[in-house]
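All remarks here apply to the structure that follows.
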Amino acid sequence: MSVELSIAEDQSCTGTSHWRDLHDRVMMPNYAPLNMVPAHGQGSWLWDDAGNRYLDFAGGIAVSALGHANPELVEALTSQARKLWHVSNILTNQPALELASKLIDATFADRVFFANSGSEANEAALKLARRVAQDRYAEDKHEILAFENAFHGRTFFTVSVGGQSKYSQGFGPNPAGISHLPYNHSQAAVDWFDKHGDRTCAVILEPCQGEGGVTPATKEFVDTLRACCDRYNALLIFDEVQTGMGRSGALYLHEKLDVIPDILTTAKALGCGFPVSAALTTDKVAEHLAVGTHGSTFGGNPMACAVASKVVDIINTPEMLSNVDQRSKQLVSGLEDISQRYRLFTEIRGTGLLLGCVLMEQHMEKARDLMTLCNESGLLTLVAGPNVLRLAPPLNISESEVAEGLARMDEAASRFAKSVEPS
Ligand SMILES: *Cc1c(COP(=O)(O)O)cnc(C)c1O
């Protein structure tokens, strides 16, 4: 099959609809992208192919944490690209070792496994937890406890561990030994462990649920899970794919919660858009991932690791993390003001620069409409479910850019309020 790629000379169109139409003809239909077609980006800004400029509070779904075309990251990538692209796992990979050392220095972890995506990091974490329990305890200690509305990725194992059945059903029999409880419900977890603790190998959670609605875990909840895991020899896995790498104002959110997981997964902002992910753990846990038990052709690719090394250097500084806290406060107070004036949100929640604006009862299911209006006002945003508008601006965003984003949000909110006014 061939596809007509050229745009006819006499077509005065911007190309936007051409590319968007082409998407619908050549791509499998699992995505439904917005109409705007990005052409290039710089810092917190993105331009479409018609030359319109957008302030980017979506960041490629909490990925582009240092904005677009960051010069230091471009330099890290291109200088590695001129040296060595790929080595495979039968050879030692210098950029991967550098990145691993930095992550170990910066966290509780002693050991690192690299992969390419959040799903794969979680896949590795879950397989490792199952292997640890099997090696140390018993074959039937394989139960995984996860939570409703959780999102852990799209491989068949991780999507089954995720807590949204609409994503995991319809693909034949799911992997066994996975249960879901309500999030932030400590008593339910305690009761569950009373019954199933001996057979449980791991608990996995996002310390602030991202896709599921930007819902932070309570300190009491994570403390309870930590205690249950200790008591029943289960591993506590923190999926910090979205909350990690400075997004919360700490390098990892577990630090703010003052709880140390046994395994932590990190991806999204780790490469700021270059695919790379990692599962981090302690020596004692890592030892069960013996030679040959797991692997990845591209995981820890030298270019990915060169970029991520630079990302860690830039993000893991007091200046950057305090900018996250300050811009977060500025954004929350501006959003609360907008919310009051247009009666939009019941609460602004989340952590650092991962914020969810929860729509009031009368606006239920309208998060996507509000997002579209924001886009039309030149502000890219996200949703997290049908009722939550999600914001994930770059961590290095400036005070004036946040102010500009709030002005654009104000314009969108005003049009949203008008559109829902009873006539
Ligand atoms: C995005 C995300 C994933 C999946 O990451 P991919 O890179 O898409 O595989 C897993 N967990 C969380 C918390 C995420 O936000």
**Report entry** Surface share of carbon and sulfur [accessible, 1.4 angstrom probe, percent] for the chain
**Finding:** 53
Query raised in the report: Could you give the dipole magnitude of segment 235-381 about its Cα centre, charging the beta-carbon of Lys and Arg +1 and that of Asp and Glu -1, in debye to the nearest 20?
Result: 300
Requested in this report: Output the pairs from 166/268; 166/310; 102/256; 256/366 with a Cα-Cα distance over 26 Å in this structure; if there are none, say none.
Outcome: 166/310; 256/366
Report summary line: At 25 °C in a medium of viscosity 0.890 mPa s, the chain has a Stokes-Einstein diffusion coefficient, with Rh taken as the Kirkwood radius over alpha carbon pairs, in µm² per second, of 109
Query - Length-normalised contact order of the chain in % [C-alpha pairs under 8 Å, at least 6 apart] - result: 20
Report summary line: To the nearest 20 debye, segment 30-113 has a Cα-centred charge dipole, built from +1 on Lys and Arg Cβ and -1 on Asp and Glu Cβ, of 180
Query raised in the report: Can you list the lysines whose alpha carbon sits under 21 Å from that of residue 141, skipping same-chain ones fewer than 8 residues off?
Result: 127, 195, 284
Query raised in the report: Mean residue ellipticity at 222 nm from the helices of the chain, using -39,500 (n - 2.57) per DSSP H segment of n ≥ 4 over the full residue count, to the nearest 500 deg cm²/dmol?
Result: -12500 deg cm²/dmol
**Report entry** Protection proxy ranking, peptides 344-351, 55-62, average beta carbon neighbours within 10 Å, highest first
**Finding:** 55-62, 344-351
**Report entry** Distant alpha-carbon pairs in segment 211-308 (separation over 20 angstrom), percent
**Finding:** 46
Query raised in the report: Got a sec? Charge dipole of the chain, +1 on Cβ for Lys and Arg, -1 for Asp and Glu; which of 278, 79, 29 is way out at the positive end?
Result: 278
Report task. Please work out the average accessible area per residue across segment 44-167, using the 1.4 Å probe convention, and give it in Å². Result -> 47
Query raised in the report: For the chain, with only Lys/Arg (+1) and Asp/Glu (-1) charged at the beta-carbon, what is the dipole magnitude about the Cα centre, in debye rounded to 20?
Result: 420
Query raised in the report: By the scheme Lys and Arg +1, Asp and Glu -1, what is the net charge of all other residues having a beta-carbon under 11 Å from that of residue 55?
Result: -1
Report summary line: So for R0 = 22 Å, FRET eff. of residue 365-residue 166 from the Cβ-Cβ r, to 0.05, ends up at 0.90
Query raised in the report: Hey, if you put +1 on the Cβ of every Lys and Arg and -1 on every Asp and Glu Cβ in the chain, which of 378, 295, 65 ends up farthest toward the positive end of that dipole?
Result: 295
Query raised in the report: Listed highest first by mean packing, meaning other Cβ atoms within 10 Å per residue, what order do 23-29, 213-219, 48-54 come in?
Result: 213-219, 48-54, 23-29
Query raised in the report: For segment 104-157, which GluC sites (Glu not before Pro) are in a loop by DSSP, counting at most 10 other Cβ atoms within 10 Å?
Result: 139
**Report entry** Around residue 110: net Lys/Arg minus Asp/Glu count, Cβ-Cβ under 13 Å
**Finding:** -2
Query raised in the report: Can you give the net charge of the other residues whose Cβ lies under 9 Å from the Cβ of residue 383, counting K and R as +1 and D and E as -1?
Result: +2
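The values are calculated or read from the model by the stated rules, or taken from the named source; none is laboratory data. No experiment lies behind these values; they were computed from the predicted model shown. When we count neighbours, we look across all protein chains shown, and the Cβ atoms used for this are built from the backbone with ideal geometry, even at glycine. To get the accessible areas, we keep the full protein, side chains included, count just its heavy atoms, and leave off ligands, DNA and RNA. Shrake-Rupley method; radii C 1.70, N 1.55, O 1.52, S 1.80 Å.
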